[in-house]
Amino acid sequence: MSSYLNLIGSFIIGGLLLLAINRFYSGMQRSSYEKLLDDITSQHTAEITELIEFDFNRMGLHVSHNTNALLVADSSRIFFLSDNNSNGAVDTVKYILSDVNAASSTENPRDRILYRLINNQTQQDVALGVTDFKIRYYDSMSYLSSNLSQIRTFDISLAVESTSAYDNHYSRCFWQTRITPPNLLRF
């Protein structure tokens, strides 16, 4: 009889040990997937911000003094003039945030597409997974401004989420900066 009790006790202890190992493995797997999503989202955000900083810092480059470099400026889109590819010709650069329906091919219901267009090219998505793109405009005295000819500084905020989820969790990355393009200071 005691050998049966020992055998049952061994099964119970072995089962509990296997459950503990399985739980540990599941936790490690979850952490690994979440870390991977965080890394991908961070890298994607870094690529987008590098492009934004490059374009915004070149704003107004090779634009004549009597021409306003800013064409359109609102909270989620901006059009400006710049010699974007350093060929001596002034280009029109546009950043436009789409609505949520444009990114319907992704799992994330909140993500949008941030478009970057140069001259009259067809729309090409720069970034999937952008959930927020806001620009605030300031004049030379650091007052909020909507007057295109007075804008000198930009506060840009960007939120990016992973396009797919793990266990209903989307990885999120936020970036915010203030840019004062050197070429706008001469106007």
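For every residue, the table says whether it meets (1) exposed (fewer than 14 other Cβ atoms within 10 Å of the Cβ); (2) in contact (Cβ under 8 Å) with a residue 12 or more places away in the chain.
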{"site": "HIS65", "(1), (2)": "yes, yes"}
{"site": "ILE78", "(1), (2)": "no, yes"}
{"site": "THR92", "(1), (2)": "no, yes"}
{"site": "LEU97", "(1), (2)": "no, yes"}
{"site": "ASN101", "(1), (2)": "yes, no"}
{"site": "ASN108", "(1), (2)": "no, yes"}
{"site": "ALA127", "(1), (2)": "no, yes"}
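Consider only pairs whose beta carbons are under 8 Å apart and that are at least six residues apart or on different chains; among these, list those whose first residue lies in the range 157-172 and is hydrophobic (A, V, I, L, M, F, W, C) and whose second residue is surrounded by fewer than 19 Cβ atoms within 10 Å (Cβ to Cβ) and outside any strand (DSSP E or B). If the second residue must be surrounded by fewer than 19 Cβ atoms within 10 Å (Cβ to Cβ) and outside any strand (DSSP E or B), the pairs left are LEU158/THR49; ALA165/GLU107; ALA165/ASN108.
Run down THR106, THR177, THR131, THR122 and say which single residue is in contact with a Ser or Thr (Cβ under 7 Å, 6 or more places away or on another chain) and of a type in the set (Ser, Thr, Tyr).
THR106
Restricting the search to the range 1-16, which residues are of a type outside the set (Ser, Thr, Tyr) and part of a helix (DSSP H, G or I)? Within the range 1-16, LEU5, ASN6, LEU7, ILE8, GLY9, PHE11, ILE12, ILE13, GLY14, GLY15, LEU16 meet the criteria.
Residues are listed down the side, and each one gets a yes or a no for (1) closer than 27 Å to ASN108 by Cβ; (2) polar (S, T, N, Q):
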site: GLY9; (1), (2): no, no
site: GLY14; (1), (2): no, no
site: ILE21; (1), (2): no, no
site: THR41; (1), (2): yes, yes
site: ALA46; (1), (2): yes, no
site: ASN57; (1), (2): no, yes
site: ALA69; (1), (2): no, no
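Can you pull out the residues in the range 119-150 that are aliphatic (A, V, I, L, M) and at pLDDT 95 or above?
ILE135, LEU144
Count of the range 153-180 residues, restricted to those that are more than 19 Å from the chain's Cα centre (by Cα) and either modelled with pLDDT of 95 or more or β-branched (Val, Ile, Thr) (or both), is 2.
The numbered conditions (1) touching a Pro at 6+ places or on another chain (Cβ under 9 Å); (2) among the hydrophobic types (A, V, I, L, M, F, W, C); (3) without any contact (Cβ under 8 Å) to a residue 12 or more places away in the chain are all true for LEU18 except (1).
Filtered by the rule that a residue be surrounded by 14 or more Cβ atoms within 10 Å (Cβ to Cβ) and either among the small types (Gly, Ala, Ser) or under 14 Å from the mean Cα position of the chain (by Cα) (or both), the range 135-152 gives ILE135, SER140, SER145. Taking only pairs six or more apart or across chains, which ones have beta-carbon atoms under 9 Å, a first residue in the range 44-58 that is within 18 Å of LYS94 (Cβ to Cβ), and a second residue that is part of a helix (DSSP H, G or I)? Note: pairs meeting the criteria are ASN57/PRO182; ASN57/ASN183; ARG58/ASN183.
The set of residues in the range 110-125 being β-branched (Val, Ile, Thr) and surrounded by fewer than 15 Cβ atoms within 10 Å (Cβ to Cβ) consists of ILE118, THR122. Scan the range 1-58 for residues that are surrounded by 13 or more Cβ atoms within 10 Å (Cβ to Cβ) and modelled with pLDDT under 85 and report the count. Total meeting the criteria: 1.
Tallying residues that are assigned to a loop (DSSP other than H, G, I, E, B), modelled with pLDDT under 90 and closer than 21 Å to LEU51 by Cβ within the range 103-118 yields 1. In this structure, ARG152 does satisfy being within 16 Å of LEU81 (Cα to Cα) and out of contact with any strand residue (DSSP E or B) (no Cβ under 6 Å at 6 or more places or on another chain).
The values are calculated or read from the model by the stated rules, or taken from the named source; none is laboratory data. The structure displayed is predicted, hence computed values, not measured ones. Here the Cβ is made from the backbone with ideal geometry for all residues, glycine too, and neighbour counts use every protein chain on show.
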